[in-house]
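Q: I'd like to ask you about the structure that follows.
The values are calculated or read from the model by the stated rules, or taken from the named source; none is laboratory data. Being a predicted model, the structure only gives us computed values, none of them experimental. Backbone-built Cβ (ideal geometry, glycine too); neighbour counts: all protein chains shown. Just the protein is used for accessible areas: all its heavy atoms, side chains included, with ligands, DNA and RNA removed. Shrake-Rupley method; radii C 1.70, N 1.55, O 1.52, S 1.80 Å.
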Amino acid sequence: MEWELTEVPGNLASSLQAIVDVVAANIEPKLASTLIRQLSQACPLENLRHVKRVRRRTECGKSELSIILCLSTGSQTCSKQLPVDVQKIVDTYQLSPFSAKVSMCSATSKEEWEEQCKLWPTSYHPAHDLSIIHGFREDELPSIFNCMKIAIELSKVGNAVIIVDPLSTQIIAKATDKTHQHDTSENKFFMKESTDNNGNLLLPISFLSKCKSLNMEVSCINPWGWMKQRTMGKKPLPSENFFAWHPLRHAAMVAIENAAERDRLMFPSTSITKPDSNGNLKNYNDNEPAKRLKTDTKVKFEHQDKEQSADESCCSDLSETTRPYLCTGFDIYLVWEPCAMCAMALLHHRFKRVFYAFPNPVNGALGGVYRLHGEKSLNHHYNVFRVSVPEAYLNGLNDGSKEC
């Protein structure tokens with residue numbers, strides 16, 4: 001297995017809502033080749049070339065083969081709607097027709113294909129030219145995979161996130177889950193990466209097994225995991241102006257905080273002069289340059305139809321001396337698929353693309369359980385991709401080497 005990038009569509013309804021009724025029948029395995037040949041001549045499925053003629057499934061420990069006889073012609077019983085040539089085949093082999101449903105259109109993604117196969121097996125041919133995927137260029141592959149490697153190397157306990165400016169490939173912020181209070185040894189483990197003699201980063205031996213199964217230390221998978229702190233009598237630890245850990249401090253939330261802190265340091269507030277309500281000039285300390293930028297750009301893009309286009313244009317117009325509006329145009333890489341809270345936070349901060357490595361089948365909001373990025377009522381949308389990580393690479397991390 002190699003590094004792969006798969007788009008996670010926001011809506012699976014495109015090919016799943018278009019369903020076709022067909023007439024099928026169970027057959028003996030030894031008759032499969034003969035029936036396929038005869039039916040291909042008597043009733044070819046010209047408009048359903050993506051649908052496999054034969055379905056194999058196991059029920060009650062017994063393998064069962066079914067074959068599509070023809071398309072359904074209406075609400076009549078199966079025996080009355082068969083073409084003459086097909087009826088002859090049914091009579092010859094004493095088949096018992098039944099109704100079934102198949103997808104009318106071929107799948108455009110692996111997720112759609114998996115859903116289609118729940119009805120009847122179909123063929124899936126992923127696009128070899130990745131540039132046709134919306135919001136993605138093939139020459140970005142090395143950078144995308146490298147960013148995911150950085151996020152994985154950061155993930156020792158729970159989830160890990162990095163925010164990247166795709167134009168400069170600069171890491172804007174990075175963070176890990178801060179919803180639990182860890183003991184001193186764990187804190188040291190977080191703060192200082194252990195390496196071998198060659199400087200390669202070492203991960204705990206349990207890292208690979210946690211990736212293969214549900215890691216209950218990931219806040220987005222187990223959002224109530226912080227409750228164990230209460231049973232131990234521990235309270236959030238204040239660290240300067242914020243808590244070192246908090247139930248809501250998932251990795252994505254902490255990374256957004258760190259990005260905002262970076263902006264405050266790089267673009268400090270300035271003193272400006274404005275007239276007050278009485279017309280007298282007064283000095284004001286502007287602590288919200290991001291809001292000023294939003295006001296300015298609102299006028300600039302008020303005639304554009306889509307907010308997505310406005311966000312992208314806003315990002316491209318930013319200069320090195322202008323504070324970006326939130327995280328507009330940035331990419332975010334997560335080791336584990338985010339929950340609904342984190343996914344909405346990414347939406348509110350105007351991220352352009354979201355990448356994650358491992359699905360979250362418990363609370364995943366971007367494909368695992370929900371598909372929040374496909375909700376049309378939201379005022380911003382980002383593209384979501386899943387990065388398939390080779391097992392050899394994860395094994396290499398545990399062994400102190402980086403195979404890819």
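Q: Taking H placed 1.01 Å from N in the peptide plane, check which residues at least 5 places from Trp336 or on another chain put their amide H under 5 Å from its amide H.
A: When sequence neighbours closer than 5 places are left aside, the close amide H contacts are Ala160, Ala357, Phe358.
Q: If you stretched the chain out fully between Leu119 and Ala260, how much longer would it get, using 0.36 nm times the residue separation minus the C-alpha to C-alpha distance?
A: 46.1 nm
Q: Additional query: For a Förster distance of 35 Å, can you work out the FRET efficiency between the beta-carbons of Asn47 and Asn395, rounded to the nearest 0.05?
A: My answer for the efficiency is 0.15.
Q: While we're here: Which entries in the list Lys30/Lys62; Lys352/Lys376; Lys88/Lys118; Lys174/Lys352; Lys62/Lys118; Lys30/Lys118 go over 21 Å, if you measure between the two C-alpha atoms of each?
A: Check vs 21 Å cut-off fails for Lys88/Lys118; Lys30/Lys118.
Q: Same structure, new question: Could you tell me whether the stretch 48-114 comes out rounded, prolate or oblate from its Cα gyration tensor? Rule is a ≥ b ≥ c as square roots of the eigenvalues, rounded for a/c under 1.5, then prolate if a/b exceeds b/c, otherwise oblate.
A: oblate
Q: What's the ranking of 255-263, 150-158 by average number of surrounding C-beta atoms within 10 Å, highest first?
A: Those peptides, ordered most packed to least, come out 150-158, 255-263.
Q: May I pose another question? Given the protein chains as shown and a 1.4 Å probe, how many square angstrom of Lys62 are accessible, to the nearest 10?
A: 150 Å²
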